Structure formats: structure tokens, C-alpha cells
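Please read the structure below before turning to the comments.
The values are calculated or read from the model by the stated rules, or taken from the named source; none is laboratory data. Given the structure is predicted, the values throughout are model-derived calculations rather than measurements. Backbone-built Cβ (ideal geometry, glycine too); neighbour counts: all protein chains shown. Side chains are part of the model used for accessible areas, which takes the heavy atoms of the whole protein and leaves out ligands, DNA and RNA. Shrake-Rupley method; radii C 1.70, N 1.55, O 1.52, S 1.80 Å.
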Amino acid sequence: MKFLLSCLTALLLSMQPLERLHAQGWESHYDGVMLQGFYWDSYKETQWNNLESQADELSQYFKLIWIPQSGYCNSLSNQMGYTDIWWLDHKSAFGTEAQLRSMIKTFKSKGLGTIADVVINHKSGNLSWTDFPDEKVVGQTTGKNYTLTWGSDCSPYICKTDECVKAGYKATGAADSGQDFNGSRDLDHSNATVQQNIKTYLDFLLNDLGYAGFRYDMVKGYAPKYTSMYNLAAKPQFSVGECWDGYSTVSAWIEGTKDSEGNIQSAAFDFPFRDLLKQAIENSNWAVLSGNMLATNTKYQRYAVTFVDNHDTGSSGKDGANPLYKDVEAANALMLAMPGTPCVFLTHWLSYKTTIKKLITLRRLLGIHNQSTIVSRGVSGNGYAVMVRGDKGDALVAIGPSPSVSTAGYKLALQGTDFRYYVSSGIDISSLDNIKDESQASRIPSFCTLAPGEKAVFFEAPATWTSVIKCWCWNNSTNYTGGSWPGEACTYLGLAANGNKVYKWTYKGTAKFSPTGVIFSSNGKPQTADYQYVNGAYYDSFGKVDVVTGIDDVTTVHTPADFPAYSITGQRIGNNYRGIIIRNGKKYFSGN
């Protein structure tokens, strides 16, 4: 009988999804790429039905998509979800719960898992600071009763160190086990009721709504052992924490999620990778990339979710944002060749879709995963190079203005501004030719034109920028916009296809014009990041979109093949074209 019971137990276990039986933070040797499907205030682009309509395309390149916190926050507009109120009611600024369920189901049918943004460090009250609402629903998928009970007195569930006490509210929970968060009530995770309600919430997300895993918001706000507790109860396939700090703190947080048997229970975003990469690119300080990061440490590579920017770091106009403003394609090229699980930012995907599609395709062709071996890495001339060994071939990626690398045994697969991507000579990369070029030039309104010799740039302002749009343009020794912040007013030209207003700034001075940077602002605040100045460029609040063709007085009889070629009228042309062509915003004479 004991033998029979053992066999039955083993059979039942074998019928469970493997990842649920061994949910230890993040899958080993995972080869998927994640898309962050939103940015700050992306209420249009991230509508659930809008994302669902892109399922066929997204599922070709991504295996995971992380979306905003979907619970109801007492508002259906201009609410990103980070002051969560309701955990079992999922209508939001991004759509109805029915639309959310439909999107998740469609994604799942195409092999694309949806990552929930889980905000449990803090919680907002319903009608006052401290009245957490009781909730009860019957699951549409499971048929299970889901109940969250807080009661009329929520003070035991709020850390006694919360700022609400100074405002006259009562909080009797334990002291905060992490950093304080101003804006909502810090939950006392040592409280049994808090723990049970969170477990119920996660069960609902995973098993009724159909999410594949969790992105835990602000995990520095509570002890990492609680993330371990919640994951052991919920058993998500994927878990990643937002531990916004340096290497020692992030790696310590990962260690803190270990269970009683020493198994890590959550991955973490590789903020060290992002911060070092930004420093290296913006300051040409390539040596910093030899610093500590999760992706280069064999102990933590499996649990490294790498990224270039996200909704907090990369959304211009948001307080605290500090986006990478140059060589975004190069940064993504390095990330998508490295170990760890890359997370592509939505604005980068929209602006550099063709390049990112090819980079993901190369990652797959080479068999690179989150635990692939880094053969070598280091400073290379005026740049940085890394060689990564995939299961099917090797990648050699060099970034920077003029890296110097030996490419013996490799062939060039892809190149762009300040990056070159080589692969092992025997790798068939012909599938790259099937990826359609999706230049952002089509976004530029036809009224954006330059006169011969004109020095000017264009800016598409966000709808929320209602003050006078101004431009600030400079180099290390000269300011070209008057020298008094926020600079000179731009000229309104018309509306873009999406309804945003488009402006133009033209240099009218007499000094030699050789700018390096440009900033646009709504009369000073909010403002964009520091953008690299490119004459004739069309910018939006996330960076350079493309360049108006035929804008630079550059002539050569040799035409570089680094970029697609266009005729003066903007039509893409082949290699046998004779006459004036445009490559990368510069004018050339082709004698082919």
C-alpha cells in the first residue's frame, strides 16, 4: 500500500507543470527576453486592447511582457497603479478587467507570459489614509472564493513608523522592516493578516487572472524574507524584485530571499548593469563596465534581469528620471548579447524596433541564455567589447566610437551607431534579411523641412506640456540659446499624426555652430533629458526619433553600408543606385 501511495503521489507530481514544482526565483538557462510594456503615463500605448492587438508581433520576439499594476485605484484616468487600493478589482486606466483577462489569455495562447506588477510594500486607503477596503469575489477561472478582510480598524496592519502617525492617524504595527515610502501606508509584513491577504491576492493574480509571474515593486521597503514567503506560497514561474541600489545591496537582497533549504526565491533587476552602462556610454568611461553587476557574476546571472531604462529611470519629465540619452541601440545590443534575462523598455522597442528584432533574433540563433558564459570582456580602444558563448555559437559585441577588437573567426552580423555585433563564422544569419525595416522616418510630419544650410531641430511635445516649448542648446564652451535657462522659444509647426504638437528651433546666431547637446522643456519644467544634438533630428520626450533627410552638407564618392540608403524623396533604395543618397541623416553621392 505504501508503495502504491508513493507511486500515485509521484504520478500526480509529474502531472504538475515543471516550473511550478521547482519555482526557485527564475528558470535556469532561460533564453527568453522580456518587454516592459509601458512607460510613465503610457495610457494610450499600454491600453490592454492595444497591447493585445500586437500579440502576434510581440510573441515572435518576447516570451514575457511586464505590464503596470492592474488593480483599481479609484481612478480610471491618469493613474499608473502604484498607490493601489483594490486587489481583487482590476479595472484601471489601461482598460476593463474583461479586456485585461482577454489580453492575458491571448498572450498565453501565443507563448507570451504576462508579468504582474505587484505593489505590496504599501497600500492606500479607500476614503481616508488608513481604511483598506474588504473585498470578496468568486474567481471567474477557478470558481474559488477570494476574500480579503481588513476590518474597520486597519492600524495593526500599518507600520508604526509610517508618516500617517504625524498626520493624526493610528498605526500600531511593528516598525518598518525596510525603507519608508511616503505617499501610501507601509504594510507591516510581520502581521499574519497582512501575510494572508497578500497570499490571497497573489493566488488571484496567478491562478484566476492568469499572470505568469510577478514583478515586486519597491522591495527595499520590506525584508526580503517576505518575498520568499509569498513566492513559496504562490509558486510563480517568474519573480523579479525592484531593488533599486548598487551591487552589494541588490545581491544581498537576492540572498535574503533564500528559503530554509538555501534556494533563492526571486530574481532582481540588474540596476548595477544599467548604471554602469549609462556611465560608460555618456562619459566614454569604458573601464567602469568592469565593475560588479549581476549579469557578469556566475552566482547571480540566473537571477539577473538586465535593462537599459524603465518607467522610472527613462521617462522624461518624471521626477527622478535620468534616461540614457545617447547610443540607445548600442546599449541594447550589449544587453541582448549578455547573460541574464534582458528586459527591453517599451520606448526603445517603439523607436528602434528593427534593430531590437534583429538583436533578439541573433540571441536565439546563438543560443544565448541567462547563464551563458562570458569568454572575455573589457576596454577595447575607445569602447568596450564582450564575447559571450551561446549554446549554438559565440557573440562578439563592441560598443563605443572606435573599439579595437580582433574579429578572426567571426563575421559581422549587425552594426549601427557606435556598435558592431559579430557572430561565429559558421552561423547562418540569413533570417535577419526577413526582418522588415521599420524606420521611424514615417512618423515625421511632412511639414518638418530644412532650408539649405539651415541648422535646426524638431520636437514633438507630450500632450501634457502646455506652456511655451523652449530649446536649450550648447557645447562645452558655448550656449546657442541665449545662455539663460530655459533657452529660446520654439516655433509651432503643426500636429503630428498622434495629435501631439510639433515645434522647430533654428539657430540664428553668427558663432560657429558645433553643439553637442540639446534639451527641450515646457518653459523649464518638465524637461527632457540631455539629448545628443543631431542637425535636422526629430525628437520626442524619449529621445531622437529620426532625421529629416537631406540635411547635412556632406559629400563623398564612397557610400558606407552601415545604414539603409534613401533617395532625396525619402524612398528606400538598393546598392546599385547612382546619385545623391541619404544614409544616417547625411548626404552622399553614390557612384555605384
For segment 222-349, average projected area of the Cα convex hull in nm²: 8.4 nm²
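Using a Förster distance of 35 angstrom, determine the FRET efficiency expected from the C-beta separation of Ala233 and Val375, and round it to 0.05.
The computed FRET efficiency comes out at 0.30.
Based on the Cβ-Cβ distance of Glu255 and Ala451, what FRET efficiency does E = 1/(1 + (r/R0)^6) give at R0 = 45 Å, to the nearest 0.05?
Efficiency at R0 = 45 Å is approximately 0.15.
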Pairwise label distance in nanometres, Tyr43 with Thr407, each label 7 Å out on the Cα-Cβ vector: 4.8 nm
Equivalent-ellipsoid semi-axes of segment 51-113, from the Cα gyration tensor, Å, largest first: 24, 11, 10
Given q = 0.07, 0.11, 0.12, 0.13 Å⁻¹, what are the Debye log10 I(q)/I(0) values for the chain, with equal point scatterers placed on the Cα positions and solvent ignored? -0.47, -1.11, -1.29, -1.45
Obtain the nm distance between the two label points defined at Ser467 and Lys512 by a simple spin-label model: each point lies 7 Å from its Cα along the Cα-to-C-beta direction. 3.5 nm
At 0.36 nm per residue, minus the direct Cα-Cα distance, what do Ser53 and Asn263 gain on full extension? Give it in nm, one decimal, please. 71.7 nm
For segment 131-247 the translational diffusion coefficient, Stokes-Einstein from a Kirkwood Rh over Cα pairs at 37 °C and viscosity 0.692 mPa s, in µm²/s, is roughly 215 µm²/s
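If the convex hull of the alpha-carbon atoms of segment 284-431 is projected onto planes in all directions, what is the mean projected area in square nanometres?
The Cα convex hull of segment 284-431, projected and averaged over all directions, gives 8.6 nm².
Run the dipole for segment 27-70 about the Cα centre, Lys and Arg Cβ at +1, Asp and Glu Cβ at -1, nothing else charged, and hand back the magnitude in debye, nearest 20.
With only Lys, Arg, Asp and Glu charged at Cβ, the dipole is about 100 debye.
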Run through every distinct alpha carbon pair of segment 148-198 and return the Kirkwood hydrodynamic radius in angstroms, one decimal place. 10.9 Å
Cα-based Rg then Dmax for segment 384-439, in Å, read 11.9, 32
Given H placed 1.01 Å from N in the peptide plane, which residues other than close sequence neighbours of Asp546 have an amide H under 5 Å from its amide H? Tyr538
Under a cut-off of 14 Å between alpha-carbon atoms, report the aspartates and glutamates in cross-link reach of Lys136, not counting same-chain residues fewer than 8 places apart. Asp89, Asp203, Asp208
Can you pull the one-decimal nm distance between simple spin-label points at Asp89 and Ser284, each 7 Å off the Cα toward Cβ? 5.7 nm
Here P(r) for segment 30-138, Cα-Cα distances in 10 Å bins, as whole percents, is 15, 45, 30, 10, 1
Share of accessible surface on carbon and sulfur in the chain, whole %, 1.4 Å probe and ligands ignored, is 49 percent
Looking at the chain only, what percent of DSSP beta bridges run antiparallel? Nearest 5 please. 70 percent
Once you have the Cα-Cα distance between Ser28 and Asn74, take 0.36 nm times their residue separation minus that, and quote the gain in nm to one decimal. 12.6 nm
Per residue, the convex hull enclosing the Cα atoms of segment 475-529 spans a volume in Å³ of 105 Å³
Using 0.36 nm per residue, how much length does the chain from Asp153 to Gln196 gain when fully extended, once their Cα-Cα distance is taken away? 13.8 nm
Based on the Cα coordinates of segment 412-536, what is the per residue volume of their convex hull in Å³? 164 Å³
Neighbourhood charge, 11 Å Cβ-Cβ cut-off, centred on Ser152 and excluding it, Lys, Arg +1 and Asp, Glu -1: -3
Hey, what do the phi angles of segment 304-313 turn into as Karplus ³J(HN,Hα) couplings, whole Hz, using 6.51/-1.76/1.60 and θ = phi - 60°, x for Gly and Pro? 9, 9, 7, 7, 9, 8, 9, 5, 8, 7
Set of lysines near Lys63 by C-alpha distance (under 21 Å), chain-local residues within fewer than 8 positions excluded: Lys105, Lys108, Lys110, Lys235, Lys353, Lys357, Lys358, Lys392, Lys436
